[in-house]
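> Sending over a structure as structure tokens; questions will come in a sec.
The values are calculated or read from the model by the stated rules, or taken from the named source; none is laboratory data. Keep in mind that what you see is a predicted model, and the values were worked out from it rather than measured. Reconstructed Cβ throughout: ideal geometry from the backbone, glycine too, with neighbour counts over all protein chains shown. Protein only, heavy atoms only, side chains kept; ligands, DNA and RNA dropped before computing areas. Shrake-Rupley method; radii C 1.70, N 1.55, O 1.52, S 1.80 Å.
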Amino acid sequence: MGISIANAALRLVSGAFILNSGINKLRLDEESAAGLQQLATNGVPQLASLEPAAFGKMVSGAEIGLGSALLLPLIPSRLAGLGLAAFSGVLLSSYLRTPGMTESDGVRPTADGTALAKDIWLAGIAVALIFGRRSYRQQKKKNKN
């Protein structure tokens, strides 16, 4: 199954960041959960139907699950990358659809949007995990056949 050092580094950085974020959201109060939910509904309008407390628990659980999957070497990199792609897609959708987050061109962040725009690095890591090169051992095995 082997994992490359490059994939391990990408998974460690993103996994630890997301896991920490999820753990911190375990203590989310209702007002903070409602604010987070409002931002998320810009990207995924269906989230508005949830109660803020339930939404906060869902986000926390999802981040803990994704962060753990990225950190566990038993989970294939491509599978972990697909989870990260979905997660970063929601973040970027929220960024692009929230008024005041982007300049008039709709892409470059305003001062308020920088905190969300920085999450593009998660999308880049997802692409690298999904489409990255095979591990050395897999490559060697393929070349023998």
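> When residues of region 75-103 are filtered for being crowded, with 19+ Cβ neighbours inside 10 Å and among the charged types (D, E, K, R), how many remain?
The qualifying residues number 0.
> Within region 37-62, which residues are under 15 Å from the mean Cα position of the chain (by Cα) and open to solvent by 50 Å² or more (accessible area, probe 1.4 Å)?
Quick first cut of region 37-62, residues under 15 Å from the mean Cα position of the chain (by Cα) only: 40, 43-44, 58-62.
Passing the criteria: Met58, Ala62.
> For region 22-97, which helices (runs of 4 or more DSSP H) that fit wholly inside it have 3 or more residues that are touching a residue at least 40 places away in the same chain (Cβ under 8 Å) and among the small types (Gly, Ala, Ser)?
Hits in region 22-97: 52-71, 77-97.
> Counting just the residues of region 104-118 that are part of a loop (DSSP other than H, G, I, E, B) and polar (S, T, N, Q), which one comes out least open to solvent (accessible area, probe 1.4 Å)?
Here is the first cut: in region 104-118, the residues part of a loop (DSSP other than H, G, I, E, B) are 104-108, 110-113, 118.
Of the ones still in play, those that are also polar (S, T, N, Q) are 104, 110.
On the way: Ser104: 126, Thr110: 27 Å².
Once the filter is applied, the top-ranked residue is Thr110.
> Those residues that are β-branched (Val, Ile, Thr), in contact (Cβ under 8 Å) with a residue 40 or more places away in the chain and not in a loop (DSSP other than H, G, I, E, B), I need them from region 1-21; list them, please.
Val13, Ile18, listed by residue number.
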